[in-house]
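FYI, it's all coordinate maths here, none of it is from the lab. Please read all numbers here as calculations on a predicted model, not as lab measurements. Methodologically, a virtual Cβ is constructed for each residue, glycine included, from the backbone with ideal geometry; neighbour enumeration extends over all protein chains shown.
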Amino acid sequence: MSIYVLGVSAFYHDSAAAIVKDGEIIAAAQEERFSRKKHDPRFPINAINYCLEEAYIEPDKLEAVVFYDNPILTFDRVFKTLLTAKSNQLEQWMRISGSMLGVKIHVERYIKKVLNCDVKVLFTEHHFSHAASAFYPSPFDESAIVTLDGVGEWATTTIGEGNGENISIHKEIHFPHSLGLLYSAFTYYCGFKVNSGEYKLMGLAPYGEPIYVDSIKKKLIDIRSDGSFRLNTEYFGYIEDNVMTNEKFSDFFGGKPRKPETEITTREMNLAASIQKVIEESVLKIAGHAKAITGKGNIVLAGGIALNCVANGKLLESGIFNKMWIQPAAGDAGGALGAALLASYDKFGIKRILREDGRDMQRGSYLGPNYSNNEVQSYLEKNEYPYHNIEDLHDRITIIAEAISNGKIVGYFSGRMEYGPRALGGRSILGDPRNPKTQSRMNLKIKYRESFRPFAPSVMYDKVNDYFDIEVESPYMMFVAPVRKRRRRKIAKNESSNLGNELYRIINQRRSDIPAVTHVDCSARIQTINPNDKKDYYELISKFEQLTGYGVLVNTSFNVRGEPIVCSPHDAYICFMRTEMDILVLENCILYKEDQTELDKDNSWKDEYELD
Amino acid sequence: MNLTDEIKKIFFNNHLKDLIEEIKNSNIEYFDQNTEVPESYYISRCGNKEVKVFVLDDFSSQLRVYWEDNNELNNEKFIESIIKLSKELFESEKESEEISEFIYQMF
């Protein structure tokens, strides 16, 4: 009899479910993709239903459901935070008691009620979930494990190791000292949304100078040589207020936090550059200590900070470890997968079997729903949307590659949806990286977002060295690496546009022969495509190379700003029609914008999605 | 103020207000705010913390054990009333779909 285990993460941000059969990952998905509410924290009923459907089982066939967090420890932290707050205790109590006592400590009851059966409910700890999500799917039999995030129950940082089926945690750093919270504090102060805008801060960093590094290290964080650290909580608001930073923080950096959606100034750019440097220093030192205490040659990472692909790139470059693997759903969503895997190996005695080809067990992170071509056609026929069904893969990719080479922007919906925050060719918008206008067009006409943020390249795994200085595959877009020097071009001083402020003056400079994916510091957030993970996408890029000489495409997530990545053909069609995308690919079906009847001119849909 | 808010407020006034004051006037320090600068800020894990997957069938008794293990007997007296409140709130509280844009989602 097979052992099915369902993992659940919920109630904070990015709720998710994952199902594992005898240790093999069958399915995993975030709730936001179904509910269409970005970072949805609610109990992931839709994701659970999908996982059970994919595994083709009823809930009573589950060996257990595992929750990713220990409500006792979390309650303890929340309770003690309240008791020791210097002010606003009643306000805090009114804000947090309902969700903590009314919802979060009743997880078991929730699960049994929702699944309508007396299933065994187990719990683990937040950072064990992260650690398990990083180690078990990795291709390593043994490795050091580092987890870094905002906060779990008490832990914010852990160092441990994995050996076969066993994982252990050796050292921790506890709340309120947290690299995730420190980074979120700067996210807030620079005018981006906490819990979602952290990656914008990372994207902004290369525009600035790290002039505040010494100030940050002198006043806000003390980093020891072993990477352990302590924050000076006098500068932060998160213990007793509803914001991340306080007046003392503002005074220290010479002004109030930037208001969202206002002009980004040199100050924000320099702050972003500075905190990025501090995070990189911390991550490298923590990794160095992990190496020292575990003696392992490999490292795996998870937790929200592990989504900082610039820091990951620095760690890779440092050579502290021979090999690295990072859970692509490194944030809380990945906790669902970690919880299910941990119970499978630690509780139910499943034997861990690594792949003989040395590849990981994450299956490209294509772990979400797929839709057959019949389902797509039924949807299109029912709604009378004009389309061309091109069954032959070669014919189809030729049409798509030619269109992209002619400057068209393509919505690409193919196979299973990705698990984690990155679109990896299952639910992606694709463009031509050679075209200097691709970045601003995709940003402003399709994503409806600020144009300072770079796009990522998808590159054939066997051609990656032609374009980027990276020696390993990066299938999950978790590493940033430099664009090859020979591809870069020098920018003449008079090339700067006079448009707007400092930021916008440098955005549209052509820095390489693949400008749409070359960030201001000549780096790129790389996704390597291996045909073993996604054959159709590899073939598409390969065809683009035949046509243009470039084995690279621009790949951005299939959504508009503030919208979760599309899940179903319907989500994709609506997103296609609301933006200036030229072509939509839904499995074998190709739809051209000019063939479609315009949707209602009503633009109120933009209010459906809060700006991220 | 709705009935649920009223219940929460009463609980705060009856149980927490004095405790907060008591803690303020004591040496109890829940967070590591030590002004000393040690060689390392890491905390080692040990003992039964290596139990990675567990059943949580009785929140109140396990919370009691946890606080007893940590010699935090001061808090123990609230357990029954906390559980009573949580039962009332379970009936009335709805899951929130909102995520703050100003503070990390940690409570």
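Averaged over peptide A:180-190, the number of partner chain Cβ atoms lying within 10 Å of each residue's Cβ comes to 2.
Relative to the current alpha-carbon distance between residue A:388 and residue A:574, full extension at 0.36 nm per residue lengthens the span by 65.2 nm.
Across the options A:373, A:548, A:419, the greatest Cα extent toward the positive end of the charge dipole of the range A:373-607 (unit charges at beta carbon of Lys, Arg, Asp, Glu) belongs to A:548.
Going by Cα centres, the range B:36-96 and the range A:322-379 are how many Å apart? Taking the Cα centre of the range A:322-379 as reference, the centre of the range B:36-96 is 31 Å away. This ranking places A:486, A:416 by how few other beta-carbon atoms lie within 10 Å of each, fewest first, which gives A:486, A:416.
The gain in end-to-end length when the residue A:36 to residue A:242 segment is fully stretched comes to 71.6 nm, 0.36 nm per residue minus the alpha carbon separation. As a proxy for reagent exposure, ranking A:34, A:192 by other Cβ atoms within 10 Å from fewest up yields A:34, A:192. Computed from the Cβ-Cβ distance with R0 of 35 Å, the FRET efficiency linking residue A:592 to residue A:487 stands at 0.60. Per residue of A:354-362, other chain Cβ atoms within 10 Å of the residue Cβ number 0 on average. Rg of the Cα atoms in the range A:137-328, relative to 2.2 N^0.38 Å, amounts to 1.02.
Mean per-residue shielding of peptide A:79-92 is 4, counting Cβ atoms of other chains within 10 Å of each Cβ. Local charge for residue A:208 was computed over the other residues whose Cβ lies under 9 Å away, with Lys and Arg +1 and Asp and Glu -1, and equals -1. Across the range B:93-106, computed HN-Hα scalar couplings (Karplus, 6.51 cos²θ - 1.76 cosθ + 1.60, θ = phi - 60°) run 6, 9, 4, 8, 9, 7, 10, 5, 9, 10, 9, 4, 6, 10 Hz from first to last residue, x flagging Gly and Pro. Other residues with beta-carbon under 9 Å from the beta-carbon of residue A:129 carry, at +1 per Lys or Arg and -1 per Asp or Glu, a net charge of -3.
With the cut-off at 18 Å, tell me which of the pairs A:113/B:87; A:61/B:94; A:447/A:490; A:217/A:259; A:38/A:113; A:323/B:52 have Cα atoms farther apart than that.
Violating the 18 Å Cα-Cα cut-off are A:61/B:94; A:447/A:490; A:217/A:259; A:38/A:113; A:323/B:52.
Taking amide H as placed 1.01 Å from N in the peptide plane, the amide H of residue A:64 sits under 5 Å from that of A:6, each at least 5 places away or on another chain. Secondary structure note: in the protein assembly as shown, about 75% of the DSSP beta bridges are antiparallel. Within the shell defined by Cβ-Cβ distances under 9 Å, the residues around residue A:3 carry a net charge of -1, with Lys and Arg each +1 and Asp and Glu each -1. Calculated mean residue ellipticity at 222 nm for chain A: -9500 deg cm²/dmol, from DSSP H runs with n ≥ 4 weighted as -39500 (n - 2.57), summed, divided by the residue count and rounded to 500.
Computed over all pairs of different Cα atoms, the Kirkwood value for the hydrodynamic radius of the range A:361-421 is 13.7 Å. Percent of C-alpha pairs per 20 Å bin in chain A, short distances first: 20, 56, 24, 0. What base-10 log of the normalised intensity I(q)/I(0) is obtained for chain B from the Debye formula, alpha carbons as equal point scatterers, at q = 0.12, 0.18, 0.24 Å⁻¹? So the normalised log intensities work out to -0.69, -1.34, -1.33. Listing A:274, B:40, A:557 from fewest to most neighbouring C-beta atoms within 10 Å gives B:40, A:557, A:274. Compactness of the range A:1-85, taken as the C-alpha radius of gyration over 2.2 N^0.38 Å, stands at 1.26. Backbone geometry of the range A:293-300 corresponds, through the Karplus equation with coefficients 6.51, -1.76 and 1.60 at θ = phi - 60°, to 3J(HN,Hα) couplings of 8, 9, x, 7, x, 10, 9, 10 Hz, x marking Gly and Pro.
The distance from the alpha carbon centre of the range A:409-448 to that of the range A:62-87 is 38 Å, rounded to a whole number.
Sort A:75-87, A:302-314, A:519-531 by the packing proxy (mean of other Cβ within 10 Å over each peptide's residues), most packed first.
Result, highest mean Cβ count within 10 Å first: A:302-314, A:519-531, A:75-87.
Of the residues A:465, A:520, A:537, the one whose Cα sits farthest toward the positive end of the charge dipole of the range A:373-607, with +1 on the Cβ of Lys and Arg and -1 on the Cβ of Asp and Glu, is A:520. Note on residue B:15/residue A:259: beta-carbon distance plugged into 1/(1 + (r/R0)^6) with R0 of 45 Å gives a FRET efficiency of 0.70.
Its Cα centre serving as origin, chain A has a Cβ charge dipole (Lys and Arg +1, Asp and Glu -1) of approximately 1840 debye.
Just so you know, the Cα atoms of the range A:70-137 work out to an Rg and Dmax of 15.4, 45 Å.
Along the range A:334-348 the Karplus relation, 6.51 cos²θ - 1.76 cosθ + 1.60 evaluated at θ = phi - 60°, assigns HN-Hα couplings of x, x, 5, 5, x, 4, 5, 5, 4, 5, 4, 8, 8, 9, 9 Hz to successive residues, with x for each Gly and Pro.
Using alpha carbons only, how many angstrom separate the centre of the range A:114-145 from the centre of the range A:531-559? Comparing the Cα centres of the range A:114-145 and the range A:531-559, I get a distance of 33 Å. Both numbers refer to the Cα atoms of the range A:169-229; Rg and Dmax are 13.1, 38 Å.
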